[in-house]
Amino acid sequence: MDSFFIALLVVGLAELGDKTQLVTLYLSARFRRPLAILAGVFCASLLNLGLAVALGAWLGHLLGDWLEWLVALLFIGMGTWLLFAGKENDEEVPPKAAGRNAFLTTFSLFFLMEMGDKTQLATLGLAAGLDRPALVLSGAVLAMVLVNSPAIWLGHRYASRLPRLLLNRISAGVFVLVGLVLMVRLLA
């Protein structure tokens, strides 16, 4: 059981203030489907951290810096899309489509953004150093869900009080800034 609690603590602390919290906050405000967002976070974390436990060392060796470049470009691309999306983002998404879109969007973004991230690397290290990989995975996934849940709640709760265009502009700026910081770090 130590493996579970160690993973819960290490991954939870590593995830605090991470870029994925900004993404879950934005997506929750955008789609207003907290359960679909939570399901996307859970499934993406399970798959991503499962890969870290099973194949993370191999993937890190194979992809190296390319993975970080991909994540940086993803942030810049998402920020640019948000900046120029215009009025189409102000339209309400039909409830049935919103749930499906919210899940798929959250799953895709969350999965890609966590590839090569500190939480995935921490999980990889814990799985390599501790006896029970299944408990490491369980603790790490629970940490991801627990740390991102407040962002989901805040986005859902306060979405109606924020003008969507303002939220899009702020989110776009944050996404582009994070992407540029990642690129500068890669070039340094």
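The values are calculated or read from the model by the stated rules, or taken from the named source; none is laboratory data. Keep in mind that this is a model prediction, so the values were computed, not measured. FYI the Cβ positions are ideal-geometry reconstructions off the backbone, even for glycines, and counts take in every protein chain you see.
All conditions but one from (1) touching a helix residue (DSSP H, G or I) at 6+ places or on another chain (Cβ under 6 Å); (2) surrounded by fewer than 24 Cβ atoms within 10 Å (Cβ to Cβ); (3) within 10 Å of residue 52 (Cα to Cα) apply to residue 156; the one that does not is (3). Selection of first residues in segment 108-120 that are assigned to a loop (DSSP other than H, G, I, E, B) and of second residues that are crowded, with 18+ Cβ neighbours inside 10 Å, restricted to Cβ pairs under 7 Å at least 6 apart or on distinct chains, gives the following pairs, ordered by first then second residue: 115/48; 115/71; 116/71. Among the numbered conditions (1) buried (at least 19 other Cβ atoms within 10 Å of the Cβ); (2) farther than 25 Å from residue 139 by Cβ; (3) modelled with pLDDT under 60, the only one that residue 75 does not meet is (3). One residue stands out in segment 132-188 among those that are of a type outside the set (Gly, Ala, Ser) and part of a loop (DSSP other than H, G, I, E, B): the one that is farthest from residue 8 (Cα to Cα), namely 163. One residue alone among 142, 165 is among the aliphatic types (A, V, I, L, M) and in contact with an Asp or Glu (Cβ under 9 Å, 6 or more places away or on another chain), and that residue is 165.
Within segment 70-82, residues that are closer than 13 Å to residue 180 by Cβ reach partners that are modelled with pLDDT under 75 with beta carbons closer than 6 Å, at six or more positions or on different chains, in the pairs 75/175; 75/178; 78/175; 79/175.
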